[in-house]
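Inspection log for the structure reproduced underneath, given as C-alpha cells.
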Amino acid sequence: MAHSVPDDAVAKPAHDGPALPPAVSLAIIALLALLILYVVPRPVGTTIQAWRMLAIFLCTVLALMLRPIPGGAAVFIGVMSTVLTGVLRLPQALASYGSGTAWLVLAAFFIARALINTGLARRIALIFVRAMGHTSLGLGYSLVASDMVLAGIIPANSARVGGVILPITRTLAVIYESLPGPRAALLGTFLMLTIYQGDVVACAMFFTGQASNPIAARLAQQTAKVGISWSTWLTVALVPGLVAAIAVPWVIYRISPPGIRHTPQAAALARRELAAMGPMSRHEKIALSVFVLVCGLWATSLLHGLEATTVALLGVGILLATKALPWGDAIREHDAWDIFIWYGGLIGMGEAISDFGLTTAFARWVSGHFAGWTWPAMMAVVVLIYFFSHYAFASITTHFISMYAPFVAVLLAAGAPPPLVAYAMIFYTNLSASLTHYGTTPAPMVFAAGYVSHGHWWKIGLIVALVNLTIWSAVGLLWWRIIGLW
C-alpha cells in the first residue's frame with residue numbers, strides 16, 4: 001500500500017452524479033422558486049427581502065440535494081442571487097467567507113492531507129490492527145478505534161474511511177479469501193458494515209468528526225445561543241459515544257456474523273506492513289507533533305483562550321514551514337477549497353435567514369400546533385421526525401442546513417433547555433446517517449466495495465439506528481444530566 005493517497009481516492013463526494021437529469025432538476029428548482037415567490041402567501045410581517053431570501057435558500061438546498069451542478073457552483077449562484085435581487089449588499093453576502101468556521105474546516109483538511117500523505121494515519125490504523133486484530137470482532141474494533149483517533153483532527157470522514165480505513169479493510173478481507181459475492185459473508189460483509197457504522201459514531205463524537213460539524217456548532221450559537229468548542233463537544237459526547245462505539249460493532253457481529261471468527265493473519269499482516277514502513281520519517285514525526293499539539297490546544301482552550309481556528313491555522317503553518325505539507329499539495333487539495341466556497345456561502349445564507357426572523361416565525365407556527373404539550377413529549381416526537389427524515393438526504397450537511405435551526409427553534413419555543421437541544425440535535429443528525437447506503441460521503445464508497453447488498457445494508461442500518469437512538473437518548477440523557485446540560 002502506498003503512503004500517498006491520490007486526490008480522487010480522498011473525499012470523493014457521495015453521489016457525485018446528479019440524482020435526476022440536470023434539465024429536470026433545474027426545472028424543479030425553478031418551479032420551487034416560482035411557487036414561493038408567486039403562489040405561497042407571504043406571512044404578515046415578513047418583508048419581501050426576507051421572502052426572497054427564503055426562496056434563494058430553499059432553492060440552493062434543493063440544488064445540493066438534486067445536484068444538477070456541483071455543490072460549490074450552486075452555492076456560488078445562490079450567494080450571487082442574494083446580491084442581484086437586492087436581498088443583501090455585496091459585503092454582507094461575502095462576509096461569511098471571513099468566518100472562523102470556514103477557515104477552520106479548510107485548515108483541518110490541510111492537516112488531514114499531511115497525516116495521510118506522510119503515512120501517519122495509515123501507521124496509526126495498522127498499530128490498532130496489530131494490537132486488537134486477532135479475532136474478527138477485535139479486528140472490527142481496531143478499525144473503529146483507528147477511525148475515532150483520526151476523527152479527533154481529520155474532519156473529512158471520506159478521507160479517513162476512503163483514504164485509510166477502507167483500503168486496509170479490503171486487504172484484510174482478501175487475505176482470508178472473502179471476496180464480493182458468495183464468499184463476502186466470511187469476513188468482508190461484517191468489516192464493511194462495522195467500519196461504516198463505527199464512522200457514524202465517530203462523526204457524532206467529535207467536533208471534527210465530519211466536515212459540517214463546525215457549521216452545526218455555529219448554528220447552535222445563532223439559534224440557541226450555546227457556544228460549542230472542540231473540548232466541550234467531546235465532553236458532552238464522550239460517555240454515550242464510547243458506549244455506542246462498544247455496542248455497535250458487537251450488535252453487527254451478532255446480527256451479521258462473519259463466517260471466520262479468528263483472524264491471526266490480520267495481526268501478522270499489520271506487523272509486516274509496519275515493518276515495511278520502517279521508522280517514522282521526519283515529515284511523519286512533524287505530522288504527529290502537529291496532531292498532538294493541535295488536539296492538545298483544542299482540549300485545553302479554556303486555559304489559554306486560543307480559538308479553534310487559530311490553533312488549526314498554527315498547525316497548518318508548522319506543516320507548511322517544515323514542508324511536511326508542501327504548498328503545492330495545499331493548492332491541489334480541491335475538496336478543501338470547494339468546501340470552503342460552499343460552506344462560506346451556506347453560513348452566510350443561514351445567518352441571513354435567522355436575521356430576517358424566518359426561523360423564529362417557523363417556530364411560532366409549529367409550536368401553535370402543539371399547544372399544551374410538555375417539552376419532553378414534543379422533543380421525543382421532533383427527534384423521531386428529524387432523525388428518520390434522513391432517508392430523504394444524501395448529505396449530513398444538507399440535513400443540518402435545511403432542518404437544524406427551525407427544529408431547534410421549535411423545541412426552544414416549547415421550553416426545552418437550550419444546551420440539551422443544541423447538542424442532542426447535532427448528535428442525532430450525525431447518527432441518522434446510519435440508515436442508508438447514501439447517508440454520508442463514505443457510505444457509497446463502502447457500499448461500492450460490493451460486500452453488502454442493498455437490502456442487508458438498510459436492514460442493518462435501521463437496527464443500528466435504533467441502537468444509537470436508545471444509547472444516546474438513555475445513556476446520553478443521564479450523562480447530560482450529570483454534567484448539568486439540562
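The values are calculated or read from the model by the stated rules, or taken from the named source; none is laboratory data. Nothing here was measured: the structure is a model prediction, and the numbers come from that model. Don't worry about glycine lacking a Cβ; one is built from the backbone with ideal geometry, like all the others, and counts go over all protein chains shown. Quick note on the areas: whole protein, heavy atoms, side chains included, nothing else; ligands and nucleic acids left out. Shrake-Rupley method; radii C 1.70, N 1.55, O 1.52, S 1.80 Å.
Laid out as a table, the results:
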{"quantity": "Helix 48-66 vs. the chain, principal-axis angle (Cα, 0 to 90°, nearest 10)", "calculated": "30 degrees"}
{"quantity": "Longest exposed-site-free window of the chain, the sites being trypsin sites (Lys or Arg not before Pro) in a DSSP loop that have at most 15 other C-beta atoms within 10 Å", "calculated": "333-486"}
{"quantity": "Spatial separation of Cα centroids for segment 189-235 and segment 413-486, in angstrom", "calculated": "10 Å"}
{"quantity": "Accessible carbon and sulfur surface of segment 370-417 relative to its total accessible area, %, 1.4 Å", "calculated": "75 percent"}
{"quantity": "Order by protection proxy (mean Cβ within 10 Å, highest first), peptides 72-78, 399-405", "calculated": "399-405, 72-78"}
{"quantity": "Karplus-derived HN-Hα couplings along segment 137-147 (A = 6.51, B = -1.76, C = 1.60, θ = phi - 60°), whole Hz, x at Gly and Pro", "calculated": "5, x, 5, x, 4, 5, 5, 5, 4, 4, 4"}
{"quantity": "Label of the coordinate-derived value, Rg/Rh (Cα atoms, Kirkwood Rh), listed as (1) 1.04; (2) 0.97; (3) 1.57", "calculated": "(2)"}
{"quantity": "Amide proton proximity set for THR135, modelled H, under 5 Å, gap of 5+", "calculated": "THR263"}
{"quantity": "Exposed GluC sites (Glu not before Pro) absent: longest stretch of the chain, with sites in DSSP loops and at most 16 other Cβ within 10 Å deemed exposed", "calculated": "308-486"}
{"quantity": "Helix-derived mean residue ellipticity, 222 nm - over the chain, DSSP H n ≥ 4, -39500 (n - 2.57), to 500", "calculated": "-21500 deg cm²/dmol"}
{"quantity": "Cα-based Lys proximity count in the chain, under 28 Å, for pairs eight or more positions apart or on separate chains", "calculated": "4"}
{"quantity": "Helix 308-321 axis, angle to the chain major axis (alpha carbon atoms, nearest 10°)", "calculated": "50 degrees"}
{"quantity": "Sparse-neighbourhood loop sites, chymotrypsin sites (Phe, Trp or Tyr not before Pro) in segment 141-209 - DSSP loop, at most 16 other Cβ within 10 angstrom", "calculated": "none"}
{"quantity": "Estimated inter-spin distance, LYS225 and ALA95, nm [label 7 Å along Cα→Cβ]", "calculated": "2.0 nm"}
{"quantity": "Using θ = phi - 60° and Karplus 6.51 cos²θ - 1.76 cosθ + 1.60, couplings along segment 33-38 (whole Hz; Gly, Pro as x)", "calculated": "4, 5, 5, 5, 7, 10"}
{"quantity": "Long-range amide H partners of ALA211 with built H, under 5 Å", "calculated": "ASN157"}
{"quantity": "Solvent-accessible area per residue for the chain (1.4 angstrom probe, square angstrom)", "calculated": "39 Å²"}
{"quantity": "Whole-percent carbon and sulfur share, accessible surface of segment 93-134, 1.4 Å", "calculated": "71 percent"}
{"quantity": "Cα shape, segment 225-327, gyration tensor, a/c 1.5 rule", "calculated": "oblate"}
{"quantity": "Karplus 3J(HN,Hα) series, Hz, for segment 214-228 with 6.51 cos²θ - 1.76 cosθ + 1.60 (x for Gly, Pro)", "calculated": "x, 5, 4, 4, 5, 5, 5, 5, 5, 8, 10, 6, 10, x, 10"}
{"quantity": "LEU302-ALA377 pseudo-label distance in nm [points 7 Å out on the Cα-to-Cβ vector]", "calculated": "3.7 nm"}
